[in-house]
Amino acid sequence: MLDGWIFLELKNFKTMDPNILYSLVNTRLRDFHEDLASFCYDNGLHEDEFQSFMADHNFHYNKKLNQFR
């Protein structure tokens, strides 16, 4: 299932360009995770901290769509 995928280390997400992070996260949510909690768990992230960072850049998680908007 992961053949051909290159995974970035997301523990340093605060240093990433928020627009690239937005795209990367939505792709991973769509392809590999049923919700944000499982995405954060698999990537060793604190869900509240991650959501707060994304919200600071005007990206908000939509649970129904399982993506940031």
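What the table below lists for this structure:
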| item | result |
| --- | --- |
| Enumeration of residues in region 14-45 that are assigned to a loop (DSSP other than H, G, I, E, B) and surrounded by 11 or more Cβ atoms within 10 Å (Cβ to Cβ) | MET16, HIS33, ASP35, ASN43, LEU45 |
| Qualifying residue in region 60-69 (condition: in a helix (DSSP H, G or I), crowded, with 16+ Cβ neighbours inside 10 Å and at pLDDT 95 or above) | no |
| Condition met for GLU49 (at pLDDT 95 or above and not in a helix (DSSP H, G or I)) | no |
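The values are calculated or read from the model by the stated rules, or taken from the named source; none is laboratory data. From a predicted model like this one, the values you see are computed outputs, not experimental measurements. In this analysis, Cβ positions are derived from the backbone assuming ideal geometry, glycine residues included, and neighbour counts consider all displayed protein chains.
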